[in-house]
1. Peptides 481-494, 285-298: what's the order by average Cβ count within 10 Å, highest mean first?
2. Evaluate the distance, in nm, between pseudo-label points positioned 7 Å from the Cα of Asp268 and of Ala91 along their respective Cα→Cβ axes.
3. Any idea how far apart Glu180 and Glu248 come out in nm if each label point goes 7 Å out from Cα toward Cβ?
4. Hey, what does the equivalent ellipsoid look like for the range 528-623, semi-axes from the Cα gyration tensor as sqrt of 5 times each eigenvalue, largest first, whole Å?
5. Please arrange Val261, Val250 by how many other C-beta atoms lie within 10 Å of their C-beta, fewest to most.
6. Using only C-alpha positions, report the orientation-averaged shadow area of the convex hull of the range 570-632, nm², one decimal.
7. Roughly speaking, what is the stretch gain from Glu526 to Arg238, that is 0.36 nm per residue apart minus the C-alpha to C-alpha distance, in nm to one decimal?
8. Would you calculate the convex hull of the Cα atoms in the range 286-343 and tell me its volume per residue in Å³?
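All of the numbers you see were taken from the coordinates with simple rules; none came from a lab. In this text the structure is predicted, and so the values were computed from the model without any measurement. So basically every Cβ, Gly included, is an ideal-geometry build from the backbone, and we count neighbours across all protein chains shown.
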Amino acid sequence: MCGIAGFLDPKASTPADELQAIGEAMADRVAFRGPDDAGTWVDATVGIALAHRRLSILDLSPEGHQPMASADGRFVISFNGEIYNYRDLRADLEPRGHQFRGHSDTEVLLAAFTEWGILETLRRSNGMFAAAVWDRSERMLHLCRDRFGEKPLFYGWSNGLFLFGSELKALRGHPRFRAEIDPDALALYLRYGYVPAPRCIYDGLSKVLPGTVVSVAAPGHIEIVPYWSPREAVLGARSAPFLGDEREAVEELHRLLLDSVRLRMVADVPLGAFLSGGIDSSLVVALMQAQSSQPIKTFTIGFEREEYDEAPRARAVAAHLGTDHTELYVTGSDTLSAVQRIPQMYDEPFSDSSQIPTFLVAQMARRSVTVGLSGDGGDELFAGYTRYILGNMIWRILHRIPYPGRLALAYAMDASPGFAWVAIEKTLRRVLGLRRRSAADALDSVTGFLRVRDAAALYRQLGGSGGEPPYAAHHEPPPGLSFVERIMYWDTLHYLPDDILTKVDRATMSVSLEARVPLLDHRIFEFAWRLPLATKFKEGVTKRPLRAILDNYVPRELTERPKCGFAVPLADWLRGPLCTWMQDLLAPSRLEAQGMLDPQQYSTAMSEHLSGVRDRRGELWHALVFQAWFDSYDIAGAKTRVDSPNIASRQAGSYSGLSQTVRSAP
């Protein structure tokens, strides 16, 4: 795992020594992503610089040094990630005359580019990656990202230069970079807690979308081409449904998961896994231990408050499987230390509060291992989120009431806050197992649900970002999907890469730890979509095939309890150890001087939260993380105040201020 960076000067006006020095400076900004080695390759005749920081995982010898050139000299690459099936690709390439000096996956990837071209090679590859590839023959730069967006890659123009890098820190390392906040991106962030791709918090910059290649010709024209489309993958899976029964489906999924885990256990450095004791992480650890002759190293963290503490469950699973288990209980000082690191760690405003325990468990694991496997992805592929149960129930109810009637009921409830509240509260808590919230909070949720017009609106009300498609072709679900399948699809496109995988990548890479995600093997995604929804989700039971496989390894009583993931007692923290910090960052005088957030809005939110009238933790945490991030960098403000998370729309293709073409894969 590594950090990549670089830039293209279309006028080729930058001298070679300056290209070299700036490239090195950009890569040094992300040195924590690759502390083991560094390299820069430049060509002043075309104005290109590729820079690299290496975290050695495979082929620890100098033969793995990057940037790396193909044997024929045509391609030069700065590569971040892993190609898990590189041995199979190498076996296909050797009979075709390709010879290899080392055993790195990067060298195999370059040979495959020569043999099959970039798009076809990426289709054949099973991996997680972000790569910058310079084609010396075509004088073209290609930025590539893996299918699900496990690895990040930013790009855009600044003062006539095309910049790119694993993180925004790298782009900021160029002396001609200028940062100005995009108010539309800030509004999106305040709604969701992250900036959905392809937008970026900085005006004029973008994120490479998962499963796509962004190609830049030396004159400056940009073309965006998907090499893998989740929509096409779902359509293909639905056209070839699995014909066996549920037992056979579980057996086939079991086989695929064993192979996916096996591929992700290949490393020349110590390896372990994150274990929460839930279905997904327990299954990954069980499959690892089943294929290892030594106890797998597992890691978890705990909290003093029982409802947030998954450490006892993880401990029991680890004991049953016989892993080498380590746990850490989080203290107040741990929390404060992690909070202070968030702005630099995430580099773009990002406020999923589980970022705190994710960082702490990564920091602990890094003392023993360099690679850690996680159970992320199971919820999106196998209908695991509570909101799928909630959304399905609400959708069925809403369909029985005409939209005008729902609006009238919502207005009536707003006018009479006590209206039917006792019955609603008891029903929600009993059916959904929700923690108690204030009456005002839950009533807001109910009236919000009554106002939704369609599935996309309900998805947004449940916390999803699918309502603002960055590119319609990528966003629109295939026809014929149920409500639950539609929101699973949207989560895979938006919430998974922009929240879950962003959280894991930045938290782990900040301590030079590589995270691998076995459930996000594209073969598993495609097989999951061949299964009917009832195989995955039925009668309120989620992730049914994963549970059935786990039953072969772990007694069900060890993993069957309400899911809390890496939830943290944020509401209490904001009333306790983080209260002074919150009041300082959101002081009305401070917000007024800054000119981007509405002082009255956040003054009211703090007052209501501290008094217990409403739980405003989400809104406050979004604003706090933004304020802490803003204070950490020298940034020009937004052009307009963002008083609330209302989204100003833009047309596809305008995100980077460039000439862009979005086309289908050939």
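1. Highest to lowest by the protection proxy: 481-494, 285-298.
2. Each label point lies 7 Å from its Cα, and together they span 2.1 nm.
3. Going from the Glu180 label point to the Glu248 one covers 6.1 nm.
4. Equivalent ellipsoid semi-axes, largest first: 43, 16, 11 Å.
5. The most exposed by this proxy come first: Val250, Val261.
6. If I average the Cα hull's projected area over directions, I get 3.8 nm².
7. Taking 0.36 nm per residue and subtracting the Cα distance, the gain is 102.8 nm.
8. Looking at the range 286-343, the number lands at 108 Å³ per residue.
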